[in-house]
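The values are calculated or read from the model by the stated rules, or taken from the named source; none is laboratory data. Please read all numbers here as calculations on a predicted model, not as lab measurements. Don't worry about glycine lacking a Cβ; one is built from the backbone with ideal geometry, like all the others, and counts go over all protein chains shown. For accessibility, only protein heavy atoms count, side chains too; no ligands or nucleic acids. Shrake-Rupley method; radii C 1.70, N 1.55, O 1.52, S 1.80 Å.
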Amino acid sequence: MSKYNYTRRNFIKIGSLAGVGFMISSCKKDKNAPENLFPNYSEAIVIGSGFGGAVTALRLGEAGIKTTVLERGQRWTIDPNGNTFSPLAFPDKRSAWFETTSIAPLNPFVLPTTFDSYAGVLERVRYDNMDVYAGSCVGGGSVVYGGITIAPDDNLFAQIFPSEIDYQKLKSVYFPRVKQMLGTAPIPQDLLNDSDYFKFVRVGASHAASLGLDVEYFDSAYDWDLIKEEIEGTRTASSINGDIIYGVNSGAKKSLDQNYLPAAESTGRVEIKPLHQVVDIQQITDEYYKINVEVISAEGAVLEEKAFHCKYLFLGAGSIGTTKLLMRSKEKGYLTLINETLGQGWGSNGATMAMRSGLSETTGVKQSSPSSSAVYDLNNPISPTVLDMANIPLGFECNCLIHLGLTLDPNRGFFTYNPSSDDIDLNWTNNGVPKASIEDLINRLNATNGGVLGELFTLPETKDDLTYHPLGGAVMGETCDFYGRVKGYDNLYVMDGALIPGSTACANPSLTIAGLAERNIEKIIQEDIT
Ligand code: FAE
């Protein structure tokens, strides 16, 4: 344990033991103390409450550091009547971050709806050749994600990440730490073997086995007992209707607002401020940062412009959000020392979606979320590919399966700051690797088991122009060091997907992002916080 932690913990202990005496002494106002110099001062500020932000906030709170979390989105609390989130089939304003029509990626399956612009849970950012989806609420991506909590393959990890990241330690120490906090578990055998809701999983696994491919039943951040209650009819049906991307009304999804974030608040040192959208950040002295914030209403009106201040500033606004804040702030002359790699090294995690239809087997009238298995095609002739067995909740028998494929795509894009929009543009050209890899695998599955690629309604065969997995922009070893410290600045850190070099090596990213955040904040608290 570091000297700092020991001292800080003792400080808290002595404070509570000394009782009144301690309170009196702390009441003597030190006019040079930062909380008296700067409005809205916390020792630490975390921007964003997704995986990187939530891990960081908890560990700072546990270390006794007064921390404010600034989150642009709303906090959504599970309503026992099952009406917290927008339904999947008829999306309403709660589904989308300031849009007026559905942003569902597979539009043919969603009835066209229009609604008022509102601070909904899922953001779609449209760039040339690539649409990026991300969470926009307290809990960030964990509220809209599929709960897939999967570690990269060792060899693939080594092909993407620098050797400075000790992968064995991530796997043995930090991934278990994250999983324990989230409370993850694989699909129970009875649901896997017998439930009609998971028939699609069994069909997908048998087809993979026919090609000799390994199937992994990975840990999921879902409460499987609650899914059983949904099936039994004693709880709001939500997962079994296929809900994922706009939130799960039964509460079965173990999003960060059910674990890390309340744990952070219960330290008594962490405060979360929803609907606080950070505009830019500024180093105002060698020691302190100013964070300019718009406090917004759920309808998007700016209610107040406010400045927050801190000594330690942690960015957890996600790959797009963090990169945007750093680039905008650099452009405005607020953070000029950040090096020229900022905005580079962005990747889509080699992600692509594809469907198999026309299967001879039935795959289930209702295909329940969450996804629970993945097929490993590591010898794919184009690129190693891992195929998530996703669910397609149509409510009728489609004899079809839908997959999210993750490939080891070397393609990287970069952002440029656009002064006219005061935003960042992504420079990205698809190279065809994700599409070719997944199609190669699907063609082999179809050749052996029957079925065709795509061909249901107007769905394109393969979608490689959208990603749920934006990664990079302030990459480790380039813009930041190997613990997320932004080069050129003290006490400024990137804790989220922006730090990742464009790919999490054919794995869905949340576990890698959260595991790295656990690793990095541990080091930062030990070495940097005085
Ligand atoms: P993230 O979780 O996106 O959090 C960023 C937070 O910052 C958000 O709460 C934002 O609202 C907030 N923010 C942004 N800008 C600002 C600002 N200016 N001021 C204040 N706050 C701001 O970042 N991954 C998996 O591993 N398994 C899955 O099953 C899976 N399914 C997914 C399904 C969908 C539909 C989507 C969109 C993503 C999915 N992902 C999945 C990806 C995963 O959610 C994503 O990699 C992580 O959430 C990224 O974590 P970060 O901490 O980088």
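Let's see how each residue does on (1) within 24 Å of residue 94 (Cα to Cα); (2) without any contact (Cβ under 8 Å) to a residue 24 or more places away in the chain:
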site: 264; (1), (2): no, no
site: 267; (1), (2): no, no
site: 272; (1), (2): yes, no
site: 275; (1), (2): yes, no
site: 278; (1), (2): yes, no
site: 290; (1), (2): no, no
site: 302; (1), (2): yes, yes
site: 315; (1), (2): no, no
Scanning the stretch 372-391 residue by residue, those open to solvent by 10 Å² or more (accessible area, probe 1.4 Å) and small (Gly, Ala, Ser) turn out to be 390
By residue number, the members of the stretch 201-225 that are open to solvent by less than 60 Å² (accessible area, probe 1.4 Å) and within 23 Å of the chain's Cα centre (by Cα) are 218, 219, 220, 221, 222, 223, 224
Over the stretch 293-316, the set of residues buried (at least 18 other Cβ atoms within 10 Å of the Cβ) and in a strand (DSSP E or B) is 293, 296, 308, 309, 310, 311, 312, 313, 314, 315
Do we have any residue at all in the stretch 141-163 that's surrounded by fewer than 17 Cβ atoms within 10 Å (Cβ to Cβ), assigned to a strand (DSSP E or B), out of contact with any Phe, Trp or Tyr (no Cβ under 9 Å at 6 or more places or on another chain) and without any contact (Cβ under 8 Å) to a residue 40 or more places away in the chain? no
Looking at 483, 489, which is the one that is surrounded by fewer than 18 Cβ atoms within 10 Å (Cβ to Cβ), aromatic (Phe, Trp, Tyr) and outside any strand (DSSP E or B)? 489
Residues of the stretch 52-88 that turn out to be over 27 Å from residue 248 (Cα atoms) and of a type in the set (Gly, Ala, Ser), as a count: 3
Filter the stretch 480-498 down to the residues that are within 15 Å of the ligand (Cβ to nearest atom) and not small (Gly, Ala, Ser), then identify the one that is nearest to residue 126 (Cα to Cα). 496
Scanning the stretch 448-477 residue by residue, those at pLDDT 90 or above and of a type in the set (A, V, I, L, M, F, W, C) turn out to be 452, 453, 466, 471, 474, 475, 476
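The rows are residues; the columns are (1) assigned to a helix (DSSP H, G or I); (2) within 16 Å of the ligand (Cβ to nearest atom); (3) of a type in the set (A, V, I, L, M).
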{"residue": "56", "(1), (2), (3)": "yes, yes, no"}
{"residue": "59", "(1), (2), (3)": "yes, yes, no"}
{"residue": "64", "(1), (2), (3)": "no, no, no"}
{"residue": "69", "(1), (2), (3)": "no, yes, yes"}
{"residue": "77", "(1), (2), (3)": "no, yes, no"}
{"residue": "84", "(1), (2), (3)": "no, no, no"}
{"residue": "99", "(1), (2), (3)": "no, yes, no"}
{"residue": "111", "(1), (2), (3)": "no, no, yes"}
{"residue": "134", "(1), (2), (3)": "no, yes, yes"}
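Right, residue 505: under 19 Å from residue 405 (Cα atoms), open to solvent by less than 10 Å² (accessible area, probe 1.4 Å) and within 13 Å of the ligand (Cβ to nearest atom) or not? I'd like the intermediate steps shown before the answer.
Values: under 19 Å from residue 405 (Cα atoms): yes; open to solvent by less than 10 Å² (accessible area, probe 1.4 Å): yes; within 13 Å of the ligand (Cβ to nearest atom): yes.
Against the criterion (under 19 Å from residue 405 (Cα atoms), open to solvent by less than 10 Å² (accessible area, probe 1.4 Å) and within 13 Å of the ligand (Cβ to nearest atom)), residue 505 qualifies.
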